[in-house]
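The values are calculated or read from the model by the stated rules, or taken from the named source; none is laboratory data. If you're wondering where the values come from, they're calculated on a predicted model, not measured in any experiment. All Cβ positions, glycine included, derive from the backbone under ideal geometry; neighbour counts span all protein chains shown.
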Amino acid sequence: MIQIPSWELIKKYDRPGPRYTSYPTAPEWSDAFGPKDYEEHLARADAEGGPLSIYVHLPFCREMCRFCGCNVIATHDRTRAESYLELLEKEVELVAKRLPRRRTVTQLHWGGGTPTFLDERQLEQCHALLARHFDFAKDGEKAIEIDPAITTRSQIETLARLGFNRISMGVQDFDPHVQETVGRIQGVKETAELVQAARDAGFHGVNLDLIYGLPFQSRDTWQKTLDLILQIHPDRLAVFGFAYVPWSKPHQRLLPQEALPKTEQRVELFLQAVEAFTSGGYRLIGLDHFALESDELTRAQDAGYLYRNFQGYTVRPAADTVAFGMTSISDIGGAYAQNAHKLKDWGEKVAQGVIPVERGASVTADDVMRRFVINRVMCLLKLDLREVAEKFGPAARKTIEADLAKGVEELQGDGLVTFDGELLRVTPLGQLLVRNVAMLFDAYLGKHAGEKRPTFSRTV
């Protein structure tokens with residue numbers, strides 16, 4: 001059971017830091033990495049073989065939520081999805097022909113935006129354009145993110161017929177004042193009915209997303225939301241801290257900054273969620289996810305094959321992810337590759353027959369080793385140096401031992417970790433500050449020290 005750090009510890013460790021959905025993290029990528037580089041890594045991935053994961057970014061939303069940190073296009077015009085899907089198929093063709101020996105897909109994820117901005121016919125069209133080029137494994141995972149406020153039972157049934165079996169619904173907060181402030185209105189009844197509709201249609205995994213740290217959240221209103229979520233009883237929960245970054249997301253300036261909970265209040269809200277959900281039969285997974293003990297996330301954590309990627313914590317059955325759509329990020333063949341951020345730029349490149357990669361990074365052997373180490377800490381809350389040596393060699397172990405020598409004593413002294421010379425464990429007291437533990441192994445962090453404008457959100 002997670003333990004509550006003192007305010008002194010929270011203040012000491014509350015600093016900008018990565019969430020480690022990738023390593024190297026996105027600020028280390030370069031626009032010098034382009035389509036030709038990506039093609040080389042696709043060739044490498046094709047030669048290595050094995051199943052793939054696919055991510056598709058569907059950027060459209062009816063409204064721009066004021067808290068949103070995603071890359072979205074707000075519009076009520078559904079016809080914009082038509083031209084997007086036409087270009088999406090061209091991009092899929094461009095990439096698939098460079099993966100002639102890797103067409104089996106064991107994991108599919110549609111994110112956004114709001115994928116259910118697409119109507120039933122468009123959802124079928126999007127799935128079909130992928131199925132024309134890739135083969136979906138019968139026992140694979142197909143997941144989608146939706147907004148309960150605009151998603152219909154008919155869309156849920158269409159997705160089920162297409163083989164989707166996991167669904168994630170954004171809730172954020174049920175309090176009416178908070179919803180009105182952030183521009184995201186949805187009712188408890190419609191959310192609960194949609195969860196039931198998904199289960200009736202055969203979805204075996206339902207996740208709900210919450211956000212703490214939003215304007216006007218209080219202990220009393222937040223507790224009401226938590227109680228309502230427990231009544232709905234999803235299989236998984238993600239409880240994210242709101243990242244207020246108006247310098248990169250200007251629409252967040254519409255939020256009343258004076259109404260944002262302070263650090264101590266944010267911590268109290270998160271710990272409230274921990275108490276409510278762990279008492280209600282969920283396990284806290286790593287940083288911010290919760291899962292029922294019967295869920296595969298908890299089984300994966302126990303068995304040591306839990307991973308972290310751009311969708312959060314996951315049981316990831318494929319080593320490489322190829323992504324399609326504007327701003328989407330591939331992790332394939334030893335590289336991260338991100339598509340153009342602007343719809344116009346992405347569309348023009350695809351129309352010209354050019355893979356629309358805008359920036360990225362080829363990972364080094366040291367990056368691969370450190371990504372493994374950071375994933376172990378973030379996912380399993382432990383790191384075995386014997387495993388590092390077995391997987392990467394004795395020199396890699398010495399590198400990590402050198403990192404530990406710089407900061408493990410302080411972490412031990414504050415009760416955040418234990419270390420016996422072989423096994424590092426994050427303690428229940430340290431779980432809330434696990435990002436700070438992982439930062440010990442990040443070779444790039446030093447270059448961001450002293451920046452006037454923070455590169456990363458705060459760790460608490």
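Residues considered: A396, A361, A405, A389. Of these, the only one that is touching a residue at least 12 places away in the same chain (Cβ under 8 Å), among the small types (G, A, S) and in a helix (DSSP H, G or I) is A396.
Quick grid of which residues meet (1) crowded, with 19+ Cβ neighbours inside 10 Å; (2) of a type in the set (G, A, S); (3) touching a helix residue (DSSP H, G or I) at 6+ places or on another chain (Cβ under 7 Å):
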{"site": "D31", "(1), (2), (3)": "no, no, no"}
{"site": "H41", "(1), (2), (3)": "yes, no, no"}
{"site": "H57", "(1), (2), (3)": "yes, no, no"}
{"site": "F60", "(1), (2), (3)": "yes, no, yes"}
{"site": "M64", "(1), (2), (3)": "no, no, yes"}
{"site": "A81", "(1), (2), (3)": "yes, yes, yes"}
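Restricting attention to the range 403-460 and to residues that are farther than 19 Å from A26 by Cα and among the hydroxyl-bearing types (S, T, Y), the residue that is surrounded by the fewest Cβ atoms within 10 Å (Cβ to Cβ) turns out to be T418.
Taking (1) within 23 Å of K142 (Cβ to Cβ); (2) touching a residue at least 60 places away in the same chain (Cβ under 8 Å); (3) surrounded by fewer than 19 Cβ atoms within 10 Å (Cβ to Cβ); (4) not acidic (D, E) in turn, C126 satisfies each apart from (3).
P356: at pLDDT 95 or above, loosely packed, with under 14 Cβ neighbours inside 10 Å and either touching a Gly at 6+ places or on another chain (Cβ under 8 Å) or not polar (S, T, N, Q) (or both), yes or no? No.
Examine the range 5-13 for a residue that is within 30 Å of V437 (Cα to Cα), in contact with a strand residue (DSSP E or B) (Cβ under 8 Å, 6 or more places away or on another chain) and surrounded by 15 or more Cβ atoms within 10 Å (Cβ to Cβ), and state whether such a residue exists. Checked the range 5-13: no residue is within 30 Å of V437 (Cα to Cα), in contact with a strand residue (DSSP E or B) (Cβ under 8 Å, 6 or more places away or on another chain) and surrounded by 15 or more Cβ atoms within 10 Å (Cβ to Cβ).
Only one of these is closer than 24 Å to Q272 by Cβ and more than 25 Å from the chain's Cα centre (by Cα): R153, R219, R184, R161. Name it. Spell out how you get there, then give the answer.
Working: R153 fails: closer than 24 Å to Q272 by Cβ; R184 fails: more than 25 Å from the chain's Cα centre (by Cα); R161 fails: closer than 24 Å to Q272 by Cβ.
Answer to the selection: R219.
Residue under question is F203, and the condition is that it be in a loop (DSSP other than H, G, I, E, B), within 30 Å of G49 (Cα to Cα), at pLDDT 95 or above and assigned by TED's automatic domain parsing to the domain that holds Q311; does it hold? Yes.
If we scan the range 300-322, do we find a residue that is in contact (Cβ under 8 Å) with a residue 60 or more places away in the chain and in a helix (DSSP H, G or I)? Among the residues of the range 300-322, at least one is in contact (Cβ under 8 Å) with a residue 60 or more places away in the chain and in a helix (DSSP H, G or I), which makes the answer yes.
Do we find a residue being in the same structural domain as L230 (by TED's automatic domain parsing), of a type in the set (F, W, Y), over 20 Å from L214 (Cα atoms) and crowded, with 20+ Cβ neighbours inside 10 Å anywhere in the range 163-170? Steps first, answer last, please.
So in the range 163-170, the residues in the same structural domain as L230 (by TED's automatic domain parsing) come out as 163-170.
Narrowing the set further to residues that are of a type in the set (F, W, Y) leaves 164.
Imposing the further condition that a residue be over 20 Å from L214 (Cα atoms) reduces the set to 164.
Filter once more, keeping what is crowded, with 20+ Cβ neighbours inside 10 Å: 164.
Yes, the range 163-170 has at least one match.
Look at (1) of a type outside the set (V, I, T); (2) assigned to a loop (DSSP other than H, G, I, E, B); (3) in contact with a helix residue (DSSP H, G or I) (Cβ under 7 Å, 6 or more places away or on another chain) and you find that E89 fails only one, number (2). Could you list, in sequence order, the residues of the range 265-293 that are modelled with pLDDT under 90 and in a loop (DSSP other than H, G, I, E, B)? Passing the criteria: G286, L287, D288. Among the residues here, P115 does not qualify as closer than 26 Å to Q352 by Cα, touching a helix residue (DSSP H, G or I) at 6+ places or on another chain (Cβ under 8 Å) and surrounded by fewer than 23 Cβ atoms within 10 Å (Cβ to Cβ). All of L287, L214, L226, L210 fail the test of being of a type outside the set (V, I, T), in contact (Cβ under 8 Å) with a residue 12 or more places away in the chain, buried (at least 19 other Cβ atoms within 10 Å of the Cβ) and within 15 Å of M169 (Cβ to Cβ), apart from L210. For R80, the test of being part of a helix (DSSP H, G or I) and in contact (Cβ under 8 Å) with a residue 12 or more places away in the chain is passed.
Selection within the range 111-142: residues that are part of a loop (DSSP other than H, G, I, E, B) and within 25 Å of G170 (Cβ to Cβ). The member of this set that is farthest from the chain's Cα centre (by Cα) is D119.
Being assigned to a helix (DSSP H, G or I) and touching a Pro at 6+ places or on another chain (Cβ under 6 Å), is that true of even one residue in the range 158-178? No, the range 158-178 has no match at all. Screening A128 with (1) touching a helix residue (DSSP H, G or I) at 6+ places or on another chain (Cβ under 6 Å); (2) among the aliphatic types (A, V, I, L, M); (3) over 20 Å from G312 (Cβ atoms) gives one miss only, at (1).
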